[in-house]
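Structure first, commentary second.
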Amino acid sequence: RVKLPQYNTIDDVVTLLQNSNNIIVLTGAGISTSLGIPDFRSKTTGLYSQLQHLGLSDPQEVFDISIFREDPTIFYSIAKDILPSTSTFSPTHAFIRLLQDRSKLLTNYTQNIDNIETHAGILPSKLIQCHGSFATATCLECAYQVPCSAIYTDLKSGRVARCDRCVQSLRQAKPTGGGIKRKRSYGGLPPKSHKKKREDYEDSTDEDEDYEVAVAGVMKPDITFFGEDLPDAFSQRLTLHDRDKVDLVLVIGTSLKVAPVSEVVGFLPRETPQVYISREACSHVDFDVDLLGDCDVVVAELCRRLGWELKHEMIPHE
Ligand code: OAD
C-alpha cells in the first residue's frame, strides 16, 4: 500500500477525526493492558512469554483447536489468566465510545475476547468481536450453548468444564437397576473418544457420577481458536456494509500478526486514510500516520486537541 502523502502529523489526524463520519476502529490487546490484562506478544509481559511451563512448541498452541480437542486441560490450565475479571474500561475504550456518541463510529472490529467494549457502552450493532468472546461457551460434542457464567467456576479453578446436557443423556442411557462404572478408577484425562464402550465397564449402583461427568462433552468458551472460522458477521459486515462507507481507519493496540484480521487494512480502499496507534511501529504495514506511544495517552492528547471531553476516571498523566 502506498502512503497518502497529505497525512503525516498528529494534527492531520485531528483534522481527519473532525471530518470523518464513518470510522473503522480496529483494536487489539494493547487497549486493555492499562487495566492489567496482559497482551499476547509483548516480549516480557505478554501472555505468550509466560507459558514456557506448558512445554508447547509454540505458545499460540494454547488457542489451537486441534490441540484443544486432543487435550483441553492445556487451555483450561491458563483460562483463569485470560478470563475477564474487570467491569471497568480504559480511556481508549472511552475514546471509541466517544466516537460512537458523536456518530462517527462505523464499526469497532475488536480482536479482544474480554468483552470490555460492552462495558464501555459500544453498541452491539457497532461491534464485531472478531475472535469471539467469553460471553458464551459451547459443547464440542452436542453444540449445547450456555452463558460462560455457567462454567465460570471451572474456568477459574482450571478444571475442564463438561456439558450438563451430555451428562444428563449419559445418565438416561444407563441400564435400569444399576449404574455403570469403569473397571479401574478414573484418574486422568478421559479417553480420546468420549463415547463409552460397554466392555470397559461393569454394572454398578454407585460411584459412576464422577466418571459420567469426566467423559461428558467438553465445553469450549466461544472464543475463536486458531483453526476455527471467524464469526460470519466479520466478513459480512466488512464486505457488504463497511468497505464502501469507511472514511478513516484507526488501528489501535494490535501487532496485526493474526490473519484474517491483519488483512483488513489491505482490503479497505487505498484512498482511505489509515492511522496506527500503538507502542511500536508495525513493520509489515505502511500506515499513513503512526502515533506511537501508550494508546491511552495518545487518545487523551487527540481529545485535548479536538476539544472533546474524554470522560474517564483513568485519564493518564499529560
Ligand atoms: P498482541 O499482543 O499481538 O499485540 C498487542 C500490541 O499492543 C503490541 O504491539 C504492543 O506493543 C501494543 N501495546 C500493548 N500495550 C499497549 C498500550 N498500553 N498502548 C499502546 N500499545 C500497546 O495482541 P493482538 O494483536 O491483539 O487470539 O493479538 C491478536 C490475536 O492474537 C489475539 O486476539 C489472540 C492472539 O492469539 C486469540 O485469543 C484467539
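The values are calculated or read from the model by the stated rules, or taken from the named source; none is laboratory data. These numbers come from a predicted model, not from an experiment. Cβ placement follows ideal geometry from the backbone for every residue including glycine, while neighbour counts extend to all protein chains displayed. Ligands, DNA and RNA are stripped out before the accessible areas are found, and what is left, the full protein with its side chains, is counted by its heavy atoms. Shrake-Rupley method; radii C 1.70, N 1.55, O 1.52, S 1.80 Å.
From the square roots a ≥ b ≥ c of the eigenvalues of the alpha-carbon gyration tensor of the stretch 83-159, which class results: rounded (a/c under 1.5), prolate (a/b over b/c), or oblate? Taking the square roots of the gyration eigenvalues as a ≥ b ≥ c, the stretch 83-159 is prolate.
With respect to the chain, whose longest principal axis is taken over its alpha-carbon atoms, helix 10-19 is tilted by about 80°.
In the chain, what percent of the accessible surface is made up of carbon and sulfur (1.4 Å probe, ligands and nucleic acids excluded)?
Exposed carbon and sulfur together represent 48 percent of the surface.
Rounded, prolate or oblate: which fits the chain when a ≥ b ≥ c are the square roots of the eigenvalues of the alpha-carbon gyration tensor, with rounded for a/c under 1.5 and prolate only if a/b beats b/c? It comes out prolate by the Cα gyration axes. Within the listed set THR88, THR224, THR110, the residue fluctuating most in the Gaussian network model of the chain (springs between alpha-carbon atoms under 10 angstrom) is THR88. Between the listed residues THR33, VAL299, ALA79, the Cα displaced farthest toward the positive end of the dipole of the chain, a dipole computed from Cβ unit charges relative to the Cα centre, is found at ALA79.
Placing pseudo-labels 7 Å out from each Cα toward the beta carbon at ARG304 and ARG1 gives an inter-label distance of 2.8 nm.
Given Cα pairs under 8 Å that are at least 6 residues apart, what percent is the relative contact order of the chain? Walk me through the numbers before you get to the answer.
Numbers: 513 pairs, mean separation 79.8, N = 318.
Reported as a whole number, the value is 25 percent.
Measuring against 22 Å, Cα to Cα, the residue pairs LYS126/LYS311; LYS3/LYS245; LYS80/LYS311; LYS104/LYS126; LYS43/LYS220 contain LYS80/LYS311; LYS43/LYS220 as the ones spanning a longer distance. Taken as Cα centroids, the stretch 147-165 and the stretch 258-318 sit 36 Å apart, rounded to the nearest whole angstrom. The order of the peptides 229-236, 148-155 by mean Cβ neighbours within 10 Å, most packed first, is 148-155, 229-236.
Dipole magnitude for the chain: about 500 debye, using +1 per Lys or Arg Cβ and -1 per Asp or Glu Cβ, origin at the Cα centre. For the set LYS43, LYS156, LYS220, the ranking by accessible area, highest first and with no ligand, DNA or RNA atoms included, is LYS43, LYS156, LYS220 under a 1.4 Å probe. Between the helical axis of 295-306 and the dominant principal axis of the chain, each derived from Cα atoms, what acute angle in degrees is found, rounded to the nearest 10? For 295-306 against the chain, the angle is about 30 degrees.
Computed from Cα atoms, the angle from the helix 91-101 axis to the main principal axis of the chain rounds to 70 degrees.
How big is the charge dipole of the stretch 1-159 about its Cα centre, in debye rounded to the nearest 20, if each Lys and Arg gets +1 on its Cβ and each Asp and Glu gets -1 on its Cβ? Numbers along the way, then the final one.
Values: 12 positive and 14 negative charges, 92 e Å.
The calculation lands at about 440 debye.
Classify the stretch 24-90 as rounded, prolate or oblate, taking a ≥ b ≥ c as the square roots of the eigenvalues of its Cα gyration tensor: rounded when a/c is under 1.5, otherwise prolate if a/b is larger than b/c and oblate if not.
Values: a/c = 1.89, a/b = 1.74, b/c = 1.09.
It is prolate, given that a/c is not under 1.5 and a/b is the larger ratio.
Here the sum of -39500 (n - 2.57) over DSSP H runs of 4 or more residues, divided by the residues of the chain, equals -7000 deg cm²/dmol at 222 nm, to the nearest 500.
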